[in-house]
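Heads up: the structure comes next, in structure tokens.
The values are calculated or read from the model by the stated rules, or taken from the named source; none is laboratory data. Computed from a predicted structure; not experimentally measured. Note that each Cβ is placed from the backbone with ideal geometry, even for glycine, and that neighbours are counted across all protein chains shown. Surface areas here come from the heavy atoms of the whole protein model, side chains and all, with no ligands, DNA or RNA. Shrake-Rupley method; radii C 1.70, N 1.55, O 1.52, S 1.80 Å.
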Amino acid sequence: MEVRFTAAGTPLAVRYDGRVWAVAAEPLRWFSRDSWWQTQRTVPVGIGNVVDIEHWRVQVRLGTSTSALRTFQLRRDPLSEQWLLESISDS
């Protein structure tokens, strides 16, 4: 899965399962905290923020079509550049 962003840092499109899904409504962003005390993940001092998990809820449709909206919930762990698709639902 790949997420494309605007210059302002807002999701613009999601490539998933070989298809491009265009963001069709204002996305919602929030952060949660990693349970570092449970995973016992260690990192070098000064590496930066390693506990905030970034989430986006985006309503998307295939390309620029008038297909039905679907909601993708995306997540990126603090030490990863890769986005994960947590869930898909019909809007």
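Name the pairs whose Cβ atoms lie under 8 Å apart, with the first residue in region 26-55 and farther than 30 Å from residue 6 by Cα, the second modelled with pLDDT of 85 or more and not in a strand (DSSP E or B), and 6 or more positions between them or separate chains?
none
Here are 90, 77: which of them is open to solvent by less than 90 Å² (accessible area, probe 1.4 Å), of a type in the set (Asp, Glu) and at pLDDT below 95? Spell out how you get there, then give the answer.
Values: 90 fails: open to solvent by less than 90 Å² (accessible area, probe 1.4 Å).
Matching residue, one of 90, 77: 77.
Looking at region 58-72 only, could you name the residues that are open to solvent by less than 60 Å² (accessible area, probe 1.4 Å), within 10 Å of residue 90 (Cβ to Cβ) and part of a loop (DSSP other than H, G, I, E, B)?
If the condition is that a residue be open to solvent by less than 60 Å² (accessible area, probe 1.4 Å), within 10 Å of residue 90 (Cβ to Cβ) and part of a loop (DSSP other than H, G, I, E, B), then 69 is the only one that fits.
Across region 70-84, what is the total count of residues that are farther than 16 Å from residue 12 by Cβ and within 8 Å of the chain's Cα centre (by Cα)?
So the answer is 3.
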